[in-house]
Structure formats: C-alpha cells, structure tokens
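Notes follow the structure.
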Amino acid sequence: MNFRFALLLAVTLLVCGKGFAQESSTVELTGFYSYFRFNPENSGMVTSNSLNGGGVEATLFFTKMFGIKGELADYGSHTINYTNGSVSAAARANLFTYTLGPILKFRVWKVEPFGEALFGGAHSSFYGNLCKVYTGCTANNPSNNAFDFILGGGLDIPLSKSIAFRPAQVDYVLTRFGNGFTSGNQNQSNFRYQIGIQFRF
C-alpha cells in the first residue's frame, strides 16, 4: 500500500511539474526604439552625444520569473566632435551592441517590472575614424570592438495574452573601447532608455 501511494504521489508530482513548466515557460519577442547617451571617453575631451536607434530582443523564460535574454541594438551614424586645446576634429560614429544574460521579471497584477544583467560586445567605428582626421592619435589601429555590460530594468504592461507594451526601460551600459586619446582607465559609462512593443508565445 505504501508503494502504491508513493507511486501515485510520484506520478502526480511529475504531471503537475510538467504542466507547471509548460505554463511558465514562454518566449517574448520585443522590438524597441532606443535612446543612447554615448560617452566616448572619460577625460572630457570628447563630448558626450545622443544616439538614436533600435533593435530586437528575445527572451526564453524557464519559470514565470527567470529567463535568459538575447539582444541586438543598432544606432545610426552620427558626428562627434573632439577638442584638445586649440585642436579640434570631427568624426562619424556608429554603435552596435550584442548581449546575452539573465532577466528576472515579477508578474504582479497588471504590471510586470523586471531587472536584467547582460554581457556581450559592442562595435563602433568612431575611434578609427577619429584617428584618421586627428594627428594627436597615439594608436595605429584603435579598437572598433569592445566588451560591454548592461545593468538595468524596466516595466512591461500586458495588453492581451500575446501583446505587451514597454513604456520604459532604463539601463547603465559599460563599454571598454581602447583608444589612442586617453591613458589608464578605458571604460565608458553610458546611459540608455528604451520603449517598445512585445509579442508573447
């Protein structure tokens, strides 16, 4: 009798667990507009600039709260000015980021706040372009590729079972572009804001 009870309990837990996994696991695809405040380097010689772009992200949730998110974002070409004493130069800049990492979402009532930590890479032609027009560049070939880290969060508002609206996502974005204009710490601390539409499956 104990064996039958144990077998029944095991089957019940297995079925319930499988049903829970199917109910909780979901895929969310989000298309977004993104505002990016780009700080090319930390000495103040290269001015910060606003970039506008957009991208797409895909998130696979393993439970109702926890998932893995992949994101691609692209920001169009923009002119950035560089000044060092009496010498000035201008160069075209673009930015592309590709990241992956965990996301934690709290599905409470009619709103869904979330936090994320993403890791990956960034690509920009800015430093190479600036070296071509500024004679004070000390690097033969500044890096166009860099590590990036994104830490932040936002809010999703479900409109139906399959569509949600994201009014705000705010992130701190760290990039590490090596360049020929500053020495020591090569980190760039950037800010971004996103708004988008999400589709759920």
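The values are calculated or read from the model by the stated rules, or taken from the named source; none is laboratory data. This is a predicted model, so every value here is computed, not measured. Positions of Cβ are backbone-derived with ideal geometry, glycine not excepted, and every protein chain shown enters the neighbour counts.
Taking the stretch 127-145 as the range and being farther than 17 Å from VAL87 by Cβ, at pLDDT 75 or above and not polar (S, T, N, Q) as the test, only GLY128 passes.
Inspection of the stretch 109-124 finds a residue satisfying the criterion of being of a type outside the set (A, V, I, L, M), buried (at least 21 other Cβ atoms within 10 Å of the Cβ) and modelled with pLDDT under 95.
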